[in-house]
Amino acid sequence: MMLTIYGSPKSSAGRCFWCLEEAGVQYQAKSIDFRAGEHKSEAFLKINPNGKVPALTDGDFTIWESVAINNYIADAYKPELLGNTAQERGLVSQWCIWSVADLQVPMISAFIQLVFVPEPRRDAEVIAKAFEKIPPMLDSLEAELAGKEYLVGNRFTLADLNTEFVVGICDDIKFDLTAYSNINQWRERIAKRETTQRYKALCK
Ligand SMILES: N[C@@H](CCC(=O)N[C@@H](CS)C(=O)NCC(=O)O)C(=O)O
């Protein structure tokens with residue numbers, strides 16, 4: 001049975017491509033042509049009624065929502081990515097939810113302005129507000145990483161994958177991370193992993 005991931009590694013589907021690489025499973029990728037409205041086509045709406053990527057099919061099974069997709073991939077194919085004990089799994093889930101529900105919110109507002117909106121039409125206030133909200137959250141991540149190689153259980157888990165996927169938006173929005181030495185070391189540690197490099201190669 002073949003897994004199929006719908007979307008591009010350069011979109012929010014990226015975290016799922018990365019997770020598929022971590023799990024070491026065979027999969028195929030199907031890109032969705034937004035300009036042609038393929039995400040709102042009858043065929044794709046059967047896969048994700050919200051008309052959004054990513055979505056994943058595994059045989060007859062279908063799932064959408066990127067962090068949920070990653071939980072499924074890990075649970076089905078590499079459960080240690082979710083943590084090895086109830087407490088580890090709780091903390092992995094904590095970081096994954098925090099990364100999308102809290103950290104990603106200002107990151108995406110800044111990203112939309114700085115990457116999608118042409119310069120003359122950018123809203124400086126939206127960018128300034130987003131840039132104000134990011135540091136306190138990065139401070140908590142920085143403190144958490146003191147003396148630690150990875151966020152949970154001293155091993156790479158979905159907590160690192162999903163959190164780094166969002167922290168990585170700092171590169172696109174040119175948010176200066178120099179002051180965050182623990183975060184920088186953790187990012188370098190993650191970047192050196194072979195599976196991370198396989199995923200990064202997909203984004204080129
Ligand atoms: N919370 C969703 C967000 C999915 C999402 O917004 N995907 C965008 C592309 S990155 C999309 O498909 N947008 C199409 C639309 O909103 O019409 C997830 O993480 O899976």
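The values are calculated or read from the model by the stated rules, or taken from the named source; none is laboratory data. All figures in this text were calculated on a predicted structure; none of them were measured in a lab. Quick reminder, even Gly has a Cβ in these numbers, built from the backbone with ideal geometry, and neighbours come from all protein chains shown. SASA here: full protein model, heavy atoms, side chains in, ligands and nucleic acids out. Shrake-Rupley method; radii C 1.70, N 1.55, O 1.52, S 1.80 Å.
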Handout entry: SER93 - accessible surface, heavy atoms, 1.4 Å probe, Å² rounded to 10
Key = 50
Problem - Simple label model, 7 Å out from Cα along Cβ direction - VAL25 to TYR150, nm - result: 1.9
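Assign unit charges at the C-beta atoms only (+1 for Lys and Arg, -1 for Asp and Glu), then state the dipole size of the chain relative to its Cα centre in Debye, rounded to the nearest 20.
Numbers: 23 positive and 27 negative charges, 90 e Å.
Charge dipole of the chain: 440 debye, to the nearest 20.
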Completion exercise
Each label sits 7 Å from Cα toward the beta-carbon; between SER181 and MET2 the label points are separated, in nm, by 5.0
Exercise for the section: Before anything else, pin down the relative contact order of the chain: Cα pairs under 8 Å, at least 6 apart, normalised by residue count, whole percent. Expected result: 21
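Compute the FRET efficiency between LYS40 and ARG198 as 1/(1 + (r/R0)^6), taking r as their Cβ-Cβ distance and R0 = 30 Å, and round to the nearest 0.05.
Values: r = 32 Å, r/R0 = 1.05.
It comes to 0.45.
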Exercise for the section: Between the alpha-carbon centers of region 38-96 and region 119-147, tell me the distance in whole angstrom. Expected result: 27
Practice task
Please list, or write none, the lysines whose alpha carbon is within less than 28 Å of the alpha carbon of LYS133, excluding same-chain residues fewer than 8 places away.
Solution key: LYS10, LYS52, LYS148, LYS174, LYS200
Problem - Helix-only CD estimate at 222 nm, as mean residue ellipticity for the chain, using -39500 (n - 2.57) per DSSP H run (n ≥ 4) - result: -15500 deg cm²/dmol
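Once fully extended, how much extra length lies between ASP75 and VAL117, figured as 0.36 nm per residue of separation less the alpha-carbon to alpha-carbon distance?
Details: separation 42, 0.36 × 42 = 15.12 nm, distance 3.80 nm.
Contour length minus the Cα-Cα distance gives 11.3 nm.
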Problem - Computed accessible area, MET2, all protein chains, 1.4 angstrom probe, square angstrom - result: 90
Exercise for the section: Return the lysines within reach of LYS46: Cα separation strictly under 19 angstrom, same-chain partners fewer than 8 residues apart disregarded; answer none if there are no such residues. Expected result: LYS30
Problem - Virtual spin-label span in nm between ASP171 and THR62, 7 Å along Cα→Cβ - result: 3.3
